[in-house]
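Presented below is the structure to which this report refers.
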Amino acid sequence: MAHLLLIDALNLIRRIYAVDCEQPGLTDEQIITSCHHRVKNATRKLLKTTEATHAIAVFDGDRSWRYHLYADYKANRKPMPTALKDNLEHVAQGFNENGVKSYFPQQDEADDVIATLAYKSAQHCVQTTIISTDKGFLPLLQEQVKVFDYFKQQYLNEEHVTTKFSITKEKLHDYWGLMGDKTNDIPGVKGIGKKTALEVLEQYGSVENAVQSTDLKDSIRKKIEADIDNFVLSKALVALRTDIEMGFKLSQLRLTQLR
């Protein structure tokens with residue numbers, strides 16, 4: 001049975017690189033060498049653990065549609081360290097040396113590419129495992145789509161979602177649309193925090209239902225209605241696209257040496 005492994009490449013690499021940087025006395029060259037080997041070892045372990053038949057490591061393109069929709073998107077995120085940026089293709093060889101293709105889109109974000117591949121594969125009943133710590137993938141969870149945190153060595157399932165966020169995965173987009181997402185500089189609705197967002201979604205199920213209800217608290221209604229444009233914008237920014245055009249087929253991702 002086919003099993004597609006989707007690796008959020010920079011999510012994995014940057015965390016490995018950060019750990020290597022904490023090792024005392026290493027030069028930039030030694031850190032890059034270590035990072036390459038650890039990415040290679042991680043990929044080998046993931047292939048073995050998931051018993052994948054197909055795999056791809058997806059990187060970020062430049063200036064995706066989110067930057068055009070919202071100029072301040074990821075405005076405060078720290079840039080990639082120069083040493084890593086200059087040697088990224090070398091580090092990516094850690095995937096390739098295990099038979100896993102590296103994909104560098106021109107503009108699309110890795111999250112949207114991965115979401116598209118997972119969505120399309122699930123439609124064809126192909127089991128898919130996404131390797132990432134990014135919470136943005138959690139709304140994709142279903143029978144055919146799993147998310148695995150390599151660093152905690154655990155699957156992030158629907159039970160994890162309800163434990164961490166106190167809501168189901170179906171409500172996450174509205175939740176982040178209300179609260180915003182500081183990690184990516186997504187604004188959310190002014191004056192709405194976690195407690196209020198949960199209160200709204202637990203009682204009404206969605207923001208749309210809440211604003212149409214006659215018993216929504218006036219204080220909450222005023223905040224949402226006054227900043228409804230930012231809610232719509234934020235919800236659009238956090239939702240992953242599943243319609244990215246791919247220049248390849250699943251058959252091209254088949255591993256030549258199955259482990």
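The values are calculated or read from the model by the stated rules, or taken from the named source; none is laboratory data. These numbers were taken from a predicted model, which means no experiment stands behind them. When we count neighbours, we look across all protein chains shown, and the Cβ atoms used for this are built from the backbone with ideal geometry, even at glycine. We work out accessible area using only protein heavy atoms, side chains counted, and drop any ligands, DNA or RNA first. Shrake-Rupley method; radii C 1.70, N 1.55, O 1.52, S 1.80 Å.
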> To the nearest 0.05, how large is the calculated FRET efficiency for TYR155 and LYS194 if R₀ is 22 Å and r is the Cβ-Cβ distance?
Replying inline: 0.35
>> Just want the answer: with Cβ charges of +1 for Lys and Arg and -1 for Asp and Glu, which residue in VAL207, SER234, THR196 is farthest toward the dipole's positive end in the stretch 191-242?
In response: SER234
> Roughly to the nearest percent, how much of the accessible area of the chain is carbon and sulfur, given a 1.4 Å probe?
Replying inline: 47 percent
> Using the per-residue mean of other Cβ atoms lying within 10 Å as a proxy for protection, in what order, highest first, do the peptides 244-252, 83-91 fall?
Replying inline: 83-91, 244-252
>> Please give the charge dipole size of the chain, origin at the Cα centre, charges +1 on K and R Cβ atoms and -1 on D and E Cβ atoms. Round to the nearest 20 debye.
In response: 500 debye
>> Apply the Karplus curve 6.51 cos²θ - 1.76 cosθ + 1.60, θ = phi - 60°, to the phi angles in the stretch 218-231 and return the couplings in whole Hz, x for Gly and Pro.
In response: 4, 5, 6, 4, 4, 5, 5, 5, 5, 10, 4, 4, 5, 5
> Based on the Cα atoms of the stretch 158-259, what semi-axes does the equivalent ellipsoid have, where each is the square root of 5 times one gyration tensor eigenvalue, given in whole Å with the largest first?
Replying inline: 35, 16, 12
> Given 20 °C and 1.002 mPa s, how large is the Stokes-Einstein diffusion coefficient of the stretch 1-148 in µm²/s, with Rh as the Kirkwood radius over Cα pairs?
Replying inline: 133 µm²/s
> If you find the alpha carbon centre of the stretch 49-114 and of the stretch 116-136, how far apart are they in angstrom?
Replying inline: 16 Å
> At 10 °C and 1.306 mPa s, what whole-number value in µm²/s does Stokes-Einstein give for the translational diffusion of the stretch 62-193, with Rh from the Kirkwood sum over Cα pairs?
Replying inline: 94 µm²/s
>> Among GLY247, ALA118, THR53, whose Cα projects farthest towards the positive end of the dipole of the chain, with charges put on the beta-carbon of Lys, Arg (+1) and Asp, Glu (-1)?
In response: THR53
> Can you give the accessible area per residue of the chain, in Å², using a 1.4 Å probe?
Replying inline: 53 Å²
